[in-house]
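Taking it in order: structure first as structure tokens, then the write-up.
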Amino acid sequence: DICLENYAIAEESAIIESSMNNYVVLLNLEKSETGFALFYKGRLLGCEALNYGYSRIANAIRRKFRLSYRESMTLLKESAIYAPKDLNDSIVYIWSEKDDHRQITRKEIYEAIDEELSSWIEDVNSANEMIAENPASKMVISGSGADIVGLEILNDRFNLETNVYLPTTVGVRKGCYAATLGS
């Protein structure tokens, strides 16, 4: 069956049911795109997209530390976002470059992504500006970007109440499978 991805994710994450009395924004965070879908009274009202996703943030890591795209993506997904109280000099990554040993700390990696991350949050808040006027509105983050460790720490930086959705179906623990499960 062919199914609209946003509708499938909403079906899997119970957004349709929770949108009966409130506006719910589904933010589908992927590598190259950030998609928005607005649900109200159990219906999909509209979709929009930012033409960039979390690969832009990973590229900030790649540029600063001269790492491969794959290494940068792994670092973003597993070791880049921390609460301000946890930003310290703990080492998150060590590698050798010729005869030189290099390392990255929590503080350094967060500083590398801070500008791109803040820009993305600002763009998301701008896209949700009209919806945020309704105090009962909320946003659910899904997609492969929902797997980024620490993403829930950013919830208070969004202008909507925000939750990160990861599938809880037996054997599935990755956000990138939400659309498949929902369809």
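The values are calculated or read from the model by the stated rules, or taken from the named source; none is laboratory data. Small disclaimer: the values here were computed from a predicted structure and weren't measured. Glycine gets a Cβ as well: all are built from the backbone with ideal geometry, and neighbour counts include every protein chain shown. Heavy atoms of the whole protein, side chains included, go into the accessibility calculation; ligands, DNA and RNA do not. Shrake-Rupley method; radii C 1.70, N 1.55, O 1.52, S 1.80 Å.
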### Summary
Per the filter on the stretch 7-46, residues over 21 Å from PRO135 (Cα atoms), open to solvent by 20 Å² or more (accessible area, probe 1.4 Å) and either free of Cβ contacts under 8 Å to residues at least 60 places away in the same chain or in a strand (DSSP E or B) (or both) are SER32, GLU33
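Say we look at the stretch 151-172 and pick out the residues that are among the hydrophobic types (A, V, I, L, M, F, W, C) and open to solvent by 40 Å² or more (accessible area, probe 1.4 Å); which of these is modelled with the highest pLDDT? Can you show your working first?
Quick first cut of the stretch 151-172, residues among the hydrophobic types (A, V, I, L, M, F, W, C) only: 151, 153-154, 158, 160, 164, 166, 170, 172.
This time we only want the ones that are open to solvent by 40 Å² or more (accessible area, probe 1.4 Å), so: 153, 164, 166, 170.
Details: ILE153: 95, VAL164: 92, LEU166: 78, VAL170: 54.
Looking at the filtered set, the residue picked out is ILE153.
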## Note on the structure
Among the residues of the stretch 73-99, the number that are of a type outside the set (Ser, Thr, Tyr), open to solvent by less than 30 Å² (accessible area, probe 1.4 Å) and either in a helix (DSSP H, G or I) or touching a His at 6+ places or on another chain (Cβ under 7 Å) (or both) is 3
### Message
Any residue in the stretch 97-120 that is of a type in the set (Phe, Trp, Tyr) sitting within a Cβ distance under 6 Å of a residue that is crowded, with 18+ Cβ neighbours inside 10 Å and outside any strand (DSSP E or B)? List the pairs, counting only those 6 or more apart or interchain.
### Response
TYR110/TYR82
### Task
Identify, from the list ARG56, ARG70, ARG102, the residue that is surrounded by 12 or more Cβ atoms within 10 Å (Cβ to Cβ) and either closer than 22 Å to SER144 by Cβ or within 20 Å of the chain's Cα centre (by Cα) (or both).
ARG56
